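**Q** My questions will all concern the structure given below.
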Amino acid sequence: IKAETLTNDPLDEAETRKRSSEAISHGLLAWLQRQMRDWEHKDKADRYNPCSTNISTRYIMGVGLPLFYGFKALVIISSMITAAGLFFVQRASGLEPRLAEIVKAMDRNAPNDEVLKPLEGTSLELYGETMFFALGGVYILQFILAMAHFMRQFNFVKQFDSGNSCMRDFTLHLRGLPRSMTHEGKLKEIVERQFNCKGEVKGVSIGYDLSKPEVGSKVFDMFEHRMVRADVAFYCANLDSPMVKAGWGYPPHLAKREQLDTIGDRKKFRELWDSGVLQCSGHAFVVFKSKSILNAIESKYRGMWVQSKIRPTEAEVRELQKPNMLSKDFKGRYRDEMVEPDHKTQERTFRFITEDIRIGGNLLFAGARFYNAETLAAGEEILTESCAVVVDDTLEPTSTMWFNFGTPSKQRTKNSWRHMFVLLGIWILISLAIYFPLFYFLVAPCGLAKFNPSVMAAQLQGMSLAIAGNILGVVNWNSVCAIGYYSKREQDEQFVYFSTFVNFFNSICFIAAGLSYYIETGFNKVDLNNLQENDAVDFVRERQLFDAFYNMLMPGWLFAGVLTGKFMGWFMPVIQNYVLTSAVFSMGCLPDPIRQLLTAIIPWNPSIDWLSARQAEHIFEPPELALAWEYNMYIVTPCVCMVSLFFMSPRTWKVFAFLAFWGIFMYLLHRYPTLLISKKHMTSYKVDLLACKLWGFPLSMILAAFGYWGVRCNRLGTNTNLGSYWVVCFLFLLGLVLHRLALELLSRGGVKAVDLQDRPYHVVEQKLRYTWFNTNPVHILKSCYYVEKMGEGVEDTRAFVPFEFGKEYLQIFAEDSGLQMIDEEEERLKAQV
């Protein structure tokens, strides 16, 4: 490491190609190694066996994974119920063989009376009434099933949380701290004093404001360098171990010099800190040594008082001087007892603010005190005392969340609008490149010729929709991640909302374009109440409408499209990135301008000099098991299948039979290959609760179809009067309202449960490997390069090796020997500096 750091000789072209080739090989190997493994025991790192791992009780990715499989079960059972109800309609009405005879008669050009002869003596109204009552019964059963499923998921969260422990069980989330609160030791002392819990706090992790790109990029680079040094140190310290021989870690020559320059990073971080740009975002996470202490604190306290000195701007002074913004003068002692612990101190004059306001970057809640309000002026220092509130929804720590602290809500709103415009632009491009050619060259000619596209052409339509959906999904995911949510739960919920809406809109537009001619000529054409008023062509066209829709679904949309999308997400990036990186870095046959152009489309955009091992790991990163990505499919696909309920066909039950089979197929696809090749990714239980709420849309479509057939059979209106169909929209909205009210009623009381076992913090830390300290980039850099700025009492919470899913072995290495080695390196570097 020292030799690589101090040697400044430039590398020749042969050496750069050799190192890049080794890095590419390491990246491909890391694609396999960073998939989900069990690091609970130090002496082995076994991959999870989907066949034997009990995901209902074991904490692999939290409660999100078993809840997700429970939601899949809801889709499967719901589809079976619908298929059974529609199969009953087919058997009771006896319409299918008669429609087949009509088609045969049409093929031999028989007159209209002869074509309709098979329907004489039967009542078409019977089919409409059977559909009407069957769908009513199906809706009632589905509604009961949805409520039972919600209660099962709700209770399962309580049961799972009571038997498992995670970091949020030990953590108190404080919001509203002053920007000057960057001293971990001082904040820990304030918490222990005001909450009366001396010696019970493990440590404090402060969320720093990294929202400015120039600050966040510098911190990220130094954070990445710590990861590189840990991997290299692991490799050098364990050369003869089986893990190194299997490819874990990498040698120093696969790291760039700046990645190993500890002295340079120390200097850069100290300069960055002393410049004053690293400020508190207002958020901090207090970690307690036991869950019972945290529960006692949460039940007794809702916040704590903290003093700070701020300098308002002219605009902020004008905001404070608005009528009724500041109260009249009051007298009292400091609320922060640490400032003056003697309760006999003199009282001071203060005013409090009546509304939440942000001054000098500090969020002050209503009730915050101004002790020298009479000197209020722009640029003048004001002593304030505000309450840092306890946030109810504590998060699980992730490395990416720390870079989003401090992002203003206005900026997030702006990013959200930009996200929507980007999605709209991509959708327009997809429409021009995929949908328009399909409509112009396939759908329109078939519609004008009055026959359905071939089965293979219908599969092409379904696969095209799947490809378009995957492209929109990738753009959607990247855009939501760039909005700036520090809360992983909030980010996942926004993605579920966005992806469900986009996928539904995209599917409806695709159906409208692909079936436009059939809908225009065949939808609701048959009069069920008067056989003589019908033309034989009307029966054929309604049948063609369903056949075109069915052929599009099976198997192109439901199965071939899914497999195409999985290939695009699993293996296509690996193949594409291997070809690009080999062409740019290994072959040496391309000119620099072409290489520069190609690196722009390679993930993480590496420089063209040579490829390091860490860059290769990023490029060949395995797919994350992001469950929020999956949920929209289980909402939109049933909604699309529900469209068939509005078509007159005795074979509608087959759509839902295949939908149930699709649900089983998707479960097996996710339970086995997806779990095996994916990287860990935490998902909150609230994402599943949101999916349960969105399940009201397919349920409401059943109720709307109930009203539709009620009008067609003259039970809820007159088929000839278009005004009667308002009941369809009314029942759809009524279904949404009933579903939401029922869920709100069942979810009263929350999901917080009493833990059956009060496991100590260090036991849970060794099991999970991630903490609030080893995921916090600034906390790690301060621990390594500027520990004196952390204060006293932080020895147990210093973190030297960043945490990342797939690199848990580095945390084990740090626990055993690496931490001591890094400490010795730090002391040596201090002497050199």
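The values are calculated or read from the model by the stated rules, or taken from the named source; none is laboratory data. Quick caveat: nothing in here was measured; it's all calculated off a predicted structure. Ideal geometry is used to build each Cβ from the backbone, glycine not excepted, and the neighbour counts take in all protein chains shown. For accessibility, only protein heavy atoms count, side chains too; no ligands or nucleic acids. Shrake-Rupley method; radii C 1.70, N 1.55, O 1.52, S 1.80 Å.
**Q** Putting +1 on Lys and Arg Cβ atoms and -1 on Asp and Glu Cβ atoms, find which of Leu627, Ser586, Leu611 reaches farthest to the positive end of the dipole of the range 554-629.
**A** It is Leu627, whose Cα lies furthest towards the positive end.
**Q** Applying the Karplus parametrisation 6.51 cos²θ - 1.76 cosθ + 1.60 with θ = phi - 60° to the phi angles of the range 488-498, what ³J(HN,Hα) value in whole Hz is obtained for each residue in order, glycine and proline being reported as x?
**A** 4, 5, 5, 5, 5, 5, 5, 5, 4, 4, 4
**Q** What is the gain in length, in nm to one decimal, between Leu448 and Thr413 on full extension, counting 0.36 nm per residue of separation less the C-alpha to C-alpha distance?
**A** The span from Leu448 to Thr413 would gain 8.0 nm if fully extended.
**Q** I'd like the accessible area for Thr400: 1.4 Å probe, protein heavy atoms, all chains in place, Å² to the nearest 10.
**A** 100
**Q** Let a ≥ b ≥ c be the square roots of the eigenvalues of the Cα gyration tensor of the range 236-297; is it rounded (a/c under 1.5), or, if not, prolate (a/b larger than b/c) or oblate?
**A** In terms of gyration-tensor shape, oblate.
**Q** Need one value: the accessible area of Val764 in square angstrom, 1.4 angstrom probe, rounded to the nearest 10.
**A** Result for Val764: roughly 0 Å² accessible.
**Q** Over the chain, average the accessible area per residue using a 1.4 Å probe and give it in Å², no decimals.
**A** Heavy-atom accessible area per residue stands at 44 Å².
**Q** Over the chain, what relative contact order in percent results from Cα pairs under 8 Å that are six or more residues apart?
**A** Relative contact order here is 25 percent.
**Q** Compute the acute angle (0 to 90°) between the alpha-carbon long axis of helix 455-481 and the principal axis of greatest extent of the alpha-carbon atoms of the chain; round to the nearest 10°.
**A** 20
**Q** Along the charge dipole of the chain, Cβ charges K/R +1 and D/E -1, which of Tyr486, Ala691, Cys280 sits furthest on the positive end?
**A** Ala691
**Q** What is the magnitude of the charge dipole of the chain about its Cα centre, with +1 placed on the Cβ of each Lys and Arg, -1 on the Cβ of each Asp and Glu, and no other charges, expressed in debye to the nearest 20? It would help to have the intermediate numbers written out before the result.
**A** Values: 88 positive and 88 negative charges, 185 e Å.
Dipole about the Cα centre, nearest 20: 880 debye.
**Q** Tell me whether the range 632-695 comes out rounded, prolate or oblate; compute the Cα gyration tensor, take square roots of the eigenvalues as a ≥ b ≥ c, and use a/c under 1.5 as the rounded threshold.
**A** Verdict is oblate for the range 632-695.
**Q** Right, another one. Can you pull out the chymotrypsin sites (Phe, Trp or Tyr not before Pro) in the range 176-261 that DSSP calls coil and that have at most 13 other Cβ atoms within 10 Å? Intermediate results must be reported in sequence, preceding the final value.
**A** Details: sites: Phe195, Tyr208, Phe220, Phe223, Phe234, Tyr235, Trp248; in loops: Phe195, Trp248.
Here no chymotrypsin sites (Phe, Trp or Tyr not before Pro) fit, given the DSSP loop and packing criteria.
**Q** Oh, and also: Probe radius 1.4 Å, ligands and nucleic acids left out: which of Leu320, Leu738 has the largest accessible area, and how do the rest follow?
**A** So, going from the largest accessible area down, we get Leu738, Leu320.
**Q** With a bin width of 20 angstrom, please list the P(r) values of the chain as percents of all Cα-Cα pairs, from the 0 bin to the one holding the largest distance.
**A** Once binned at 20 Å, the Cα pair distances of the chain give 13, 39, 31, 15, 3, 0.
**Q** Further question on the same structure: For Trp726, Trp709, give me the order by solvent-accessible area with a 1.4 Å probe, most accessible first, ignoring ligands, DNA and RNA.
**A** From most accessible down to least: Trp726, Trp709.
**Q** Rounded to whole Hz and in sequence order, give me ³J(HN,Hα) for the range 572-580 from the Karplus expression 6.51 cos²θ - 1.76 cosθ + 1.60, θ = phi - 60°, writing x for Gly and Pro.
**A** 4, x, 5, 5, 4, 5, 5, 5, 5
**Q** Given axes a ≥ b ≥ c from the Cα gyration tensor, I'd like to know whether the range 189-306 is rounded (a/c under 1.5), prolate (a/b larger than b/c) or oblate.
**A** Values: a/c = 3.45, a/b = 1.64, b/c = 2.11.
The shape class here is oblate.
**Q** Taking Cα atoms, how many degrees apart are the long axis of helix 819-832 and the longest axis of the chain, rounded to 10 and kept between 0 and 90?
**A** Taking Cα atoms only, the helix is inclined about 50 degrees.
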